[in-house]
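Notes follow once the structure below has been shown.
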Amino acid sequence: MRAKQRVNTKKGSKYSSAAKEKGAKTVVVKPAGYPLKGLFHEYPEPSELDVFEFYAREQWNGFIVKKGDYLFDRRMFPDFAFKVVDVEPDNSEIGKNTKFVIEDYDSDFFVPELKSTVSFKSIVGQERAKQKCKLIERFLSDPVKFGKWAPKNILFHGPAGTGKTMTAKALANAVEVPLLAVKATKLIGEFVGDGARQIHQLYEKAEELSPCIIFIDEFDAIALNRSYQEIRGDVAEIVNALLTEMDGIDEREGICTIAATNMLPALDAAVRSRFEEEIEFTLPTVEERYKLLKSYARTFPVKLEKDVNLEAIARQTSGFSGRDLVEKLLKNALHKAILSGGKVTCAHIEKALEEARDKKSEPPGRMFV
């Protein structure tokens, strides 16, 4: 469709059929990016919308467009694409009276500001992470006082389900600052150039809300080791944008970046070196597993039978994360009890534990096995 549309400059093309509607009244577009990108390609940003509208009408006059098509710039930024978000009427021809509306760059990338109610008291274990968070808490309470000594980039690493996200939420709640939480996979755009742009957008928004915490989960998705570039061709571009922000070249004040990964060896060495501290999140000890089981079991909508020995269960669940205990064990046992119409029994938990062990698997040592 893209190749056809780029040569569709005459009304006599095959798009000009009886099926098309009359002239387009309104065309809504949004910047999409380049199909391919070299080292020095600029990413254009429309400034004067009236001028852009005239510019668009002049070069795309006679094009027949429908929702989902792409319009390619042929002048100032050759081959830069704009996606047609909406057309009124659909499948109609751009003319001298067509009104162009350009969507904001943020329209397809929005990171909500999270208001957290999680507290450090609800986090079992991970004492080293809590201590570091106390320092970050003091910094965010008075960023000016810390100056260049402020904690800026912290890396949380460890197995999935050990409380990395929960700790970041507790920190944001303790200092009463906004938390911008995003999965790294969301920062990877559809087009080359999108990833870098969205990283800069994330930090621009954090600057507006500062003091602010940026929490990037699944960090390895955008900070892969350079040896993986054959797999992800745009890794270098995304990593460079990230390094620019983490180095503080733009001097964004009052921002603390916390990244989380369960694949520490896969991270790019240059990115990893930007973190002033790496905090390991470990699987809970037997004592911590008992505390977790007891804490969550108290919130059950049905009661536990007296024969349920949580200490014994804690000893049997070595290698389970906090999330495993809640999602794979307790929730499964609770659902079995509700279906049977009684209390949660030892038999329910033993059956849930057996099923959890069958499903449990170790993460791969390599990216692809």
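Restricting attention to segment 185-204, report how many residues are among the small types (Gly, Ala, Ser) and modelled with pLDDT of 85 or more. Give the steps one after another, and end with the answer.
Taking segment 185-204 first, the residues among the small types (Gly, Ala, Ser) are 189, 193, 195-196.
Applying the additional criterion that residues be modelled with pLDDT of 85 or more yields none.
Counting residues in segment 185-204 that are among the small types (Gly, Ala, Ser) and modelled with pLDDT of 85 or more gives 0.
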> So which of Leu283, Leu325 ends up being hydrophobic (A, V, I, L, M, F, W, C), under 28 Å from the mean Cα position of the chain (by Cα) and assigned to a helix (DSSP H, G or I)?
Replying inline: Leu325
> Quick check: is even one residue across segment 181-202 in the same structural domain as Asp247 (by TED's automatic domain parsing), within 30 Å of Leu292 (Cα to Cα) and in contact with a Lys or Arg (Cβ under 7 Å, 6 or more places away or on another chain)?
Replying inline: no
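Gly341: within 30 Å of Ala184 (Cα to Cα), among the small types (Gly, Ala, Ser) and either assigned by TED's automatic domain parsing to the domain that holds Lys152 or loosely packed, with under 12 Cβ neighbours inside 10 Å (or both), yes or no? So that I can check it myself, show each step before the final result.
Numbers: within 30 Å of Ala184 (Cα to Cα): no; among the small types (Gly, Ala, Ser): yes; either assigned by TED's automatic domain parsing to the domain that holds Lys152 or loosely packed, with under 12 Cβ neighbours inside 10 Å (or both): yes.
No.
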> From the residues in segment 138-160 that are more than 29 Å from Leu283 (Cα to Cα) and not small (Gly, Ala, Ser), which one is surrounded by the fewest Cβ atoms within 10 Å (Cβ to Cβ)?
Replying inline: Lys148
>> Looking only at segment 205-214, filter to residues that are crowded, with 19+ Cβ neighbours inside 10 Å and among the aliphatic types (A, V, I, L, M); which one of those is modelled with the highest pLDDT?
In response: Ile214
> Is segment 347-365 home to any residue that is surrounded by 15 or more Cβ atoms within 10 Å (Cβ to Cβ) and assigned to a loop (DSSP other than H, G, I, E, B)?
Replying inline: no
> Give me the pairs: first residue in segment 308-320 and at positive phi and in the same structural domain as Gly342 (by TED's automatic domain parsing), second residue surrounded by 15 or more Cβ atoms within 10 Å (Cβ to Cβ) and not hydroxyl-bearing (Ser, Thr, Tyr), beta-carbon distance under 7 Å, and six or more apart or on different chains, which are they?
Replying inline: Gly319/Leu283
> Does segment 246-294 hold any residues that are crowded, with 18+ Cβ neighbours inside 10 Å, within 21 Å of Ala196 (Cβ to Cβ) and β-branched (Val, Ile, Thr), and which are they?
Replying inline: Ile255, Thr257, Ile258, Thr261, Val271
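When you go through Arg6, Arg2 one by one, which is the residue that is under 31 Å from the mean Cα position of the chain (by Cα), at pLDDT below 80 and more than 17 Å from Val101 (Cβ to Cβ)?
Details: Arg6 fails: under 31 Å from the mean Cα position of the chain (by Cα).
None of the other options fit; the residue is Arg2.
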> What number of residues within segment 35-72 are at pLDDT below 90 and either of a type in the set (Gly, Ala, Ser) or part of a loop (DSSP other than H, G, I, E, B) (or both)?
Replying inline: 14
>> Can you tell me which of (1) surrounded by 15 or more Cβ atoms within 10 Å (Cβ to Cβ); (2) closer than 15 Å to Gly161 by Cα is the one Phe300 doesn't meet?
In response: (2)
> Name the pairs: first residue in segment 263-278 and farther than 23 Å from Gln126 by Cβ and of a type in the set (D, E, K, R), second residue outside any helix (DSSP H, G or I) and at pLDDT 85 or above, Cβ to Cβ under 7 Å, at least 6 apart or on different chains?
Replying inline: none
> Any idea which of Val239, Val177 is modelled with pLDDT under 80 and either surrounded by 21 or more Cβ atoms within 10 Å (Cβ to Cβ) or in contact with a Pro (Cβ under 9 Å, 6 or more places away or on another chain) (or both)?
Replying inline: Val239
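Are any of the residues in segment 215-229 modelled with pLDDT of 85 or more and touching a Cys at 6+ places or on another chain (Cβ under 7 Å)? Before you say what the answer is, go through the steps one by one.
Step one: list which residues in segment 215-229 are modelled with pLDDT of 85 or more, which gives 215-220.
Now narrow it down to the ones that are touching a Cys at 6+ places or on another chain (Cβ under 7 Å): none.
Within segment 215-229 (the criterion being modelled with pLDDT of 85 or more and touching a Cys at 6+ places or on another chain (Cβ under 7 Å)), the answer is no, since none of the residues qualifies.
The values are calculated or read from the model by the stated rules, or taken from the named source; none is laboratory data. Being a predicted model, the structure only gives us computed values, none of them experimental. Quick reminder, even Gly has a Cβ in these numbers, built from the backbone with ideal geometry, and neighbours come from all protein chains shown.
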